[in-house]
Structures are given as C-alpha cells and as structure tokens.
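Asks: One structure, pasted below without further comment.
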C-alpha cells in the first residue's frame, strides 16, 4: 500500500523593494525548533477540513500565522521540493510587512535580506537559496519554476 505524501506550502513575503522578508521562528517540528523558516503549513486534503488548493492553503496559513488582512494578494508559485514522503509548494509575494503580527506561539520575524548570509546558523539550511530564488523570480516576472528532489 502506498503512503500518500504530506503536502505543504511555504511562503516568503517581501517588502516592496525586496530588502526585507517575513519569516517565522519555529517551535516545531523538533528539527526546526529555534530556526527561522518561511511561513506556511499543511494543505487540507480532505476529512473534516475539506480540500484546498496550494494557493488557498498559502493564503490561509499566512493569515493564521501573521494576521495579514489583505485578500486576495498575489502569491506566486516558484518552486516545488519533494521526496517520497512530502511535497512543499513554495510561493513568494510582495506585501506590507509593517502590519504583520505574531498570531501563534511561533514568532514572526522580519529579516533584512542583506543579513541572510550572516544569519545562516539561525535559518533552515535551504532558506538562503530559496529567498534569493524568490527575489530573482519576483524581479524578472517570468515563470521559471524550480523542482528540487530531496
């Protein structure tokens, strides 16, 4: 019997000039505890919560974790990471970082993009290249999706 993959979304919201990015300080899962990651979570794939698309999940997760009140906003899909157990659809957007609030027990953190290299030890290991890829994607406006198999 094939086990179905757990499907997640991960988003990076930048300010207008893309000099800052919103991240979240993770408490769980254990391997992420104390590290900064993008904002996201699981996609509802049935059961009591119904079904949703990756884009719907990105809007929902971002609002749940940051209180961001603007809907719709332009989340743009630019990467997919996967292995036999999971899939993560990765999105980028431009928004007003000044109105983000911590809504859960995981703190929202605004990081200057220029400090990404200095902050490597505080970040999930793939964040530096995911953030740079998001900026490139938002700057060129073309759909160049990356797929990464772990």
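Asks: Find the relative contact order for the chain and round it to a whole percent, using C-alpha pairs within less than 8 Å whose residues are 6+ positions apart.
Replies: Taking the mean separation of contacting Cα pairs over the length of the chain, I get 32 percent.
Asks: Moving on. Could you estimate the translational diffusion coefficient of the chain from the Stokes-Einstein equation, with Rh from the Kirkwood formula over C-alpha pairs, at 37 °C and 0.692 mPa s, in whole µm²/s?
Replies: It diffuses with D of about 209 µm²/s by this estimate.
Asks: Considering only DSSP beta bridges where both residues belong to the chain, give the percentage that are antiparallel (nearest 5).
Replies: 60 percent
Asks: According to the square roots a ≥ b ≥ c of the eigenvalues of the Cα gyration tensor, what is the shape class of the range 62-141, taking rounded for a/c under 1.5, prolate for a/b larger than b/c otherwise, and oblate for the remainder?
Replies: Judged from the Cα gyration tensor, the range 62-141 comes out rounded (a/c under 1.5).
Asks: Let me ask something additional. By how many degrees, 0 to 90 and rounded to 10, does the Cα axis of helix 54-66 deviate from the longest principal axis of the chain?
Replies: Roughly 60 degrees between the two axes.
Asks: Let me ask you something else. Quick one: check the C-alpha center-to-center distance for the range 1-70 versus the range 113-136, whole angstrom.
Replies: 17 Å
Asks: Here's something else I'd like to know. Relative to the first principal axis of the alpha-carbon coordinates of the chain, what is the inclination of helix 127-140, with its axis defined by its Cα atoms, in degrees from 0 to 90 and to the nearest 10?
Replies: 80 degrees
Asks: Same structure, new question: Nearest 500 deg cm²/dmol is fine: what mean residue ellipticity at 222 nm does the chain get from its DSSP H runs of n ≥ 4 alone, each adding -39,500 (n - 2.57), divided by its residue count?
Replies: -6000 deg cm²/dmol, from helical runs alone.
Every number here is computed from the coordinates shown, using simple stated rules; none is lab data. Bear in mind that the values here come from a model prediction, so they are computed numbers and not experimental data.
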